[in-house]
Amino acid sequence: MPQRGRTTSNSATLGDQAVQRGVGGETHQVAGGDVASLTTAQGTPVADDQNSLRAGGRGPTLLEDQHFREKIFHFDHERIPERVVHARGFGAHGFFETYESLADITRADIFQRAGERTDAFVRFSTVAGSKGSADVARDVRGFAVKLYTREGNWDLVGNNIPVFFIQDAIKFPDLIHAAKPEPDRGFPQAQTAHDNFWDFISLTPESMNMVMWIMSDRTIPRSFRTMEGFGVHTFRLLDADGKATFVKFHWKPKQGLQSVVWNEAVKLNGADPDFHRRDLWDAIQGGDYPEWELGLQLFDDGFAERFEFDVLDATKIIPEEEVPVRIVGRLVLDRCVDNFFAETEQVAFHTGSIPPGIDFTNDPLLQGRNFSYLDTQLKRLGSVNFTHLPINAPRCPVHHFQQDGHMAFRNPTGRANYEPNSWGPAMGGPREDPRRGFTSFAEPVDGTKSRVRSETFADHYSQARQFYLSQTPVEQVHIGKALVFELSKVETPAIRQRMVAHLRNIDESLAQTVCDGLRLGELPEPAEAAREPIDLAASPKLSIILNGPDSFRGRKLGILVTDGVDAQLLAALQGAAKAEGAKVEIVAPAVGGVAADDGSWIEARQKVDGGPSVLYDAVAVLASADGGTQLAADPAARDFVSDAYAHCKFIAYTTGASPLLEKAGISADLDEGCIAYSDPSGAAAFIARCRQLRFWSREAPP
Ligand code: HDE
């Protein structure tokens, strides 16, 4: 952990020019030892930081108080513009490790040597909410990776969903305006459940595949650690001879996929608006470093020609069953930031930052993004020199003739600031390098200047149907419920109607479910389709439940205890969770803890109403007979078990907990997901059950 008064590792890379917080060079003695002398930003030691300079004890403040003036001036300018999208984010450092050389496919330096590690920084985010919004909003998650390669930074600025809403970047401002708070009232915050969003979507058939994804549990991930990441667009890899291979990038979480359920998400946002960032912080600080494997879908022109859809259309996936994902490396996040602002807030991603060996395609969304990100960095960070900030600075040599501008930290020395020049190798500065330098794929380009959408982008429903049909029945029910929830918040009946008309082209039974859920009465006529949808084979890789983990590792068990708790039962459960690599949090009627039956004292991490079961992947109620009766009288304890039950969690309980289960209304419905726990030998079996994460049959589809 950084300490005030010491350089953060981030600022340390600035070398001599580092601003060292509170370090004035000089120290002085206070009780307990030497401390650095507080100074102004100009380095002047400060004698009194408690009182502004006044003319007399009750007199006016004097303008000449430069310390006061500077302190308030700086404070007044602390905020920089938040990102126009992806404002709420959380970042961490780590590394990428290449498994094998891919020299036969790409000359990208990062993929040349097996076992080599490259520094990485990842920022996860939500899209629509502002910086202070809640983590578990229903939203797409940004998954932006900066790889500090030896031949320049590579920013793979992706999402946790492999498709996007729109096909052409020119629609991006409209999409985002529609999703963000409505302009007259300034709400709702971090929600798509409002008229403007669904108005735009229902008038934009190309968004239908994305609609299926965002209404699925993909938009309410359990953790950043349990989501996939996708580069979304088709890119190119180029080998040393300039030969190109198409590629789509995937990040596969080693933790397995996992999401929460909607009712849980709603409650989580109240219980812990920082749920996702806290989870990542805790995991990394606890040494449980999350990992993703990088997968490539590689294909050639022949496949691109054969494939049913245009590989330049970012509203489409290429099913893994058609082009398998080749795993080529891993990304490990092993270090939290030292300073949130310096790193997570100031990090500047740009899709245009790609090293030699990687190239773009003509995906019109990608082309638009390449234009946009530099602009946004200038607006947000205020200078063309944002690459001088330590978090953005390449970790390879940088030589060029760009100069000056606001906040220039890296300033070239010597006389030459242009080329060609005749100052010779020693004095003349850098020169272009035809061998190592970046080259674009030599793609012939010819066309009539026009504003047209290619016919090959016209199918808007087939992959939406494929996504829906690839889900398990439980997941299909969740999609239906999410649509009913969101459209029920829409006040204009015609918009609800228009959406159901689209759903009829995706799946008739889904359309009927949503129609019934909204009590629309008659099903509307199907929306007119630019191209008739076709039936595609289901792709099991699209389901979260089918791609979950086979372990409870990295998950969290909440144990609700009372005075008189059986110490042996508790210890056995804690031991079994630890053996699995899971975390345990003790919840009690008071945070001070409880007295166990053997006289030992058990400290709690949460008081029960601050530690609701939504914070945990599974729960146990270890109550003594008296304790169970007391818990039964506490509404927060009743919610603890009834929510855990409603969210299909595994529940272990002692006999003493019976009054609580009774009062919470679940004792008559106890199922195989509720496990009586009266003997320490049952602990391992309970944790083994938790590996399934949820007891889904509890919410069996009707
Ligand atoms: Fe972005 N996007 N985007 N985007 N995007 C930004 O850049 C933009 C798109 C994504 O953690 C902005 O620095 C346009 C797709 C992520 O800092 C901005 C279009 C995908 C992040 C911008 C898109 C993304 C951003 C706002 C239309 C998934 C957060 C602040 C074609 C593949 C990065 C910023 C971070 C951020 C523009 C569409 C991912 C304004 C014009 C598709 C993960 O430049």
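Could you calculate the FRET efficiency of D334 with H399 from 1/(1 + (r/R0)^6), where r is the beta carbon distance between them and R0 is 41 Å, rounded to 0.05?
Once rounded, the FRET efficiency stands at 0.85.
What does a probe at D550 reach in segment 568-599, counting residues whose amide N is under 13 Å from the point 7 Å along Cα→Cβ?
Once the point is set 7 Å along Cα→Cβ of D550, nothing inside segment 568-599 turns out to lie under 13 Å by backbone N.
What translational diffusion coefficient, in µm²/s and rounded to a whole number, does the Stokes-Einstein relation yield for segment 54-388 at 20 °C and a viscosity of 1.002 mPa s, taking the hydrodynamic radius as the Kirkwood radius over Cα pairs?
Estimated via Stokes-Einstein, D reaches 100 µm²/s.
So what are the ³J(HN,Hα) numbers for segment 426-432, from phi and the Karplus equation (6.51, -1.76, 1.60; θ = phi - 60°), rounded to whole Hz, Gly and Pro as x?
Karplus values, whole Hz, x for Gly and Pro: 6, 10, x, x, x, 9, 4.
Sequence neighbours fewer than 8 away in the same chain don't count; with that in mind, list the lysines whose C-alpha is under 18 Å from K379.
K131
Quick check on the exposure proxy: order Y468, Y373 from fewest to most C-beta atoms within 10 angstrom.
Y373, Y468
Hydropathy at least -1.0 by Kyte-Doolittle, axial extent at least 24 angstrom from the Cα trace: which helices of the chain, defined as entire DSSP H runs, fit?
Qualifying helices, which must be both long enough and hydrophobic enough, are 364-381, 473-489.
Quick one: which residues, 5 or more positions from R326 or on another chain, have an amide H under 5 Å from its amide H? H modelled 1.01 Å from N in the peptide plane, none for Pro or chain starts.
Under 5 Å from the amide H of R326: L296, Q297, L298.
Would segment 347-393 count as rounded, prolate or oblate if I go by the C-alpha gyration tensor, calling it rounded below 1.5 in a/c and otherwise prolate when a/b exceeds b/c, oblate otherwise?
oblate
Relative contact order of the chain: what whole-number percent is it, with Cα pairs under 8 angstrom and at least 6 residues apart?
Value for the chain: 12 percent.
Based only on the alpha carbon positions, what is the Kirkwood hydrodynamic radius of segment 105-241, in angstrom?
For segment 105-241, the Kirkwood estimate is 16.9 Å.
Based on the Cα gyration tensor of the chain, what are the three equivalent ellipsoid semi-axes, each the root of five times an eigenvalue, rounded to whole Å and given largest first?
Computed over the chain, the values are 43, 39, 26 Å.
Residue-wise, which Karplus ³J(HN,Hα) couplings in Hz belong to segment 296-301, taking 6.51 cos²θ - 1.76 cosθ + 1.60, θ = phi - 60°, and x for glycine or proline?
10, 9, 10, 7, 10, 4
Listed here are the pairs K316/K489; K252/K578; K254/K489; K489/K649; K578/K607; which of them are more than 30 Å apart at the Cα?
K254/K489
Which aspartates and glutamates, on any chain, are close to K171 with Cα under 13 Å apart, when same-chain ones fewer than 8 places away are left out?
In chain and number order, the partners are E206.
Quick one: order V261, V323, V452, V619 by neighbouring beta-carbon count within 10 Å, fewest to most.
Taking fewest neighbouring Cβ atoms as first place, the list is V452, V323, V261, V619.
For segment 305-383, just say rounded, prolate or oblate: build the C-alpha gyration tensor, square-root its eigenvalues into a ≥ b ≥ c, call rounded for a/c under 1.5, and beyond that prolate if a/b exceeds b/c, oblate if not.
Because a/c hits 1.5 or more and a/b fails to exceed b/c, segment 305-383 counts as oblate.
Starting from the amide H of C674, placed 1.01 Å from N in the peptide plane, find each other amide H under 5 Å away whose residue is 5 or more places distant or on another chain.
I651
Quick one: check the C-alpha center-to-center distance for segment 605-621 versus segment 369-417, whole angstrom.
Centre-to-centre distance over Cα atoms comes out at 47 Å.
Given H placed 1.01 Å from N in the peptide plane, which residues other than close sequence neighbours of V157 have an amide H under 5 Å from its amide H?
The answer is V145.
So for E486, E532, E293, fewest C-beta neighbours within 10 Å to most, what's the order? Mind showing how you got there, number by number?
Details: E486 23, E532 9, E293 17.
Going from sparsest to densest Cβ surroundings: E532, E293, E486.
Among bridges DSSP assigns within the chain, what percent are antiparallel (round to 5)?
80
Could you give each residue of segment 144-153 its phi-based ³J(HN,Hα) in whole Hz, using Karplus coefficients 6.51, -1.76, 1.60 with θ = phi - 60°, and x for Gly or Pro?
The phi angles translate into 9, 10, 10, 10, 7, 7, 6, 10, x, 5 Hz.
Throughout, read-outs are computed from the coordinates displayed, never taken from laboratory work. Please read these numbers as outputs of a predicted model, since none were measured by experiment. Reconstructed Cβ throughout: ideal geometry from the backbone, glycine too, with neighbour counts over all protein chains shown.
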